[in-house]
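What follows is a set of notes on a single structure, which appears directly below.
The values are calculated or read from the model by the stated rules, or taken from the named source; none is laboratory data. As the structure is a prediction and not an experimental result, all values here were calculated from the model. Every residue, glycine as well, gets a Cβ built from its backbone with ideal geometry; the counts of neighbours run over all protein chains shown. Only protein heavy atoms, including side chains, enter the accessible area calculation; ligands, DNA and RNA are left aside. Shrake-Rupley method; radii C 1.70, N 1.55, O 1.52, S 1.80 Å.
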Amino acid sequence: LSAFLYCCFSNIKCSTGALGAGLSLGALGGRPARAAEKVKLSTPSAEKLGWAVSCAQYTFRRFTLYETLDMLAELGIRCVEPAFFLRLDKKRPKLQVNQSLSAELRKELKARLADRGIKMASFYSRLGADEAAGCKTYDLAKEMDVETIVSELPAAAFDVIEKLCDEYRINLAVHNHPKKPNYTYWDPEGVAAVCKGRSKRIGACCDTGHWVRSGLDVVACLKKLEGRITSMHLKDVAEWGKPAARDVPLGTGKANYTAVLAELKRQGFQGIMAIEYEHDSPELIQDVAQCVAFVEKTSKELAG
């Protein structure tokens, strides 16, 4: 991995041998990291800008969260965004990362995160207007030291969830998927509308790849949400205006990612930047490493 990242930062093309030696997906997915080993941060320049580079568990969805933590440790990523419908542990396949986890399992998860030096900075969850159910989600988030819950809740749920955001001091980030009938969050104006007049703890989780799939200009979308951007799903895609367009490494697609990061710096954004890479393949680790390297290289240039 270190050889690959060095090549990316130096704009040097890596050999197939160098990639295979350090970045085998099968080896990483099946090999636990050493218990006392902490993540060596691969994005110090991004951190100086106030950007906490993270990774969505959905990127590694064919693996469990515990396997994902090992891969993030190899990639130098110190934050993770689990999803409520994905698996926790390969040995116990029925366990999912959500409010159903017992007190014992929550303690185990916290210990595993601490062992790797990884923070559960955000959490992708289902939220609705049921306050009791919302409290269970926020209880889990508080116990895991989550800063932001990412969700696509219905408009009718905002009164309840706003109250929980302020009570628990945990942010809500409204996520966007691509354009479809009877769905408003694909357009940043739809997200801005549900945030208007609400607590400052309520904002947007900007999924840039889905904006491109919806035929939107990413920088223009960011400008429409200025002051309400809570977190990011960093994603680039190969084709503009096509809902099924495949993900590609950051900076190689149609999102104009150098301009995207420059706009976030201009806005003074400081928060969670979760890489969410949806294209699964044997090269997944290399693709994510390339995303990490792009963010760090661009952050260093923006920092001056």
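Segment 43-93 and segment 227-267 have Cα centres spaced 19 Å apart.
Cα-based values for segment 83-136, radius of gyration first and Dmax second, are 12.2, 36 Å. Counting only lysines at least 8 places from Lys91 when in the same chain, there are none with an alpha carbon closer than 16 Å to its own. Our coupling estimate for segment 161-167, obtained by passing each phi through the Karplus curve with A = 6.51, B = -1.76, C = 1.60 and θ = phi - 60°, is 6, 4, 4, 5, 4, 6, 5 Hz, Gly and Pro reported as x. Between Leu105 and Arg198, the distance separating the two model label sites (each 7 Å from Cα on the Cα→Cβ line) works out to 2.8 nm. Backbone N atoms of segment 242-266 closer than 15 Å to the 7 Å Cα→Cβ label point of Glu283 belong to residues 246-253. With R₀ fixed at 25 Å, the C-beta to C-beta distance from His177 to Lys48 puts the FRET efficiency at about 0.20. Remark on Arg246: its backbone amide H falls under 5 Å from those of Ala238, Glu239, a criterion applied only to residues 5 or more positions apart or on other chains, H modelled at 1.01 Å from N.
Positive end of the charge dipole of segment 102-254 (Lys, Arg +1 and Asp, Glu -1 on Cβ, about the Cα centre): tell me which of Cys221, Leu250, Leu234 has its Cα farthest that way. The Cα lying farthest towards the positive end belongs to Leu250.
Note that segment 237-291 presents 41 Å² accessible area per residue, ligands and nucleic acids not counted, probe 1.4 Å.
Maximal additional length on extending the Ala133-Thr184 stretch stands at 15.9 nm, based on 0.36 nm per residue less the C-alpha distance.
Within the straight-line cut-off of under 19 Å between alpha carbons, the lysines reachable from Lys265 are Lys48, Lys223, Lys224, Lys235, Lys297, Lys300, sequence neighbours fewer than 8 places apart in one chain being disregarded.
Rounded to the nearest 500, the 222 nm mean residue ellipticity of the chain from helices alone is -12000 deg cm²/dmol, with -39,500 (n - 2.57) taken per DSSP H run of at least 4 residues. Between the amide H of Ala121 and those of Val80, distances stay under 5 Å, these residues lying 5 or more places away or on another chain, with hydrogens modeled in the peptide plane. In units of the compact-protein estimate 2.2 N^0.38 Å, segment 231-291 shows a Cα radius of gyration of 1.15.
Where the only charges are on Cβ atoms (+1 Lys, Arg; -1 Asp, Glu), what is the dipole of the chain about its Cα centre, to the nearest 20 debye? Mind showing how you got there, number by number?
Working: 43 positive and 37 negative charges, 60 e Å.
Dipole of the chain, to the nearest 20 debye: 280 debye.
Between Thr252 and Glu167, the modelled labels are 4.7 nm apart [label points 7 Å from Cα along Cα→Cβ]. Rounded to whole Å, the principal axis extents of the Cα atoms in segment 37-165 read 42, 39, 24, largest first.
When the Cα convex hull of the chain is projected onto planes of every orientation, the mean area is 14.9 nm².
Positive-end ranking of Ser199, Ala259, Ile170 along the dipole of segment 162-289, with charges on Cβ about the Cα centre, is headed by Ser199. Taking 25 Å as the straight-line reach from the Cα of Lys94, the lysines in range (excluding those fewer than 8 positions away in the same chain) are Lys107, Lys110, Lys119, Lys136, Lys142. If you model segment 138-214 as an ellipsoid using its alpha carbon gyration tensor, with each semi-axis the square root of five times an eigenvalue, the axes come out at 23, 14, 10 Å, biggest first.
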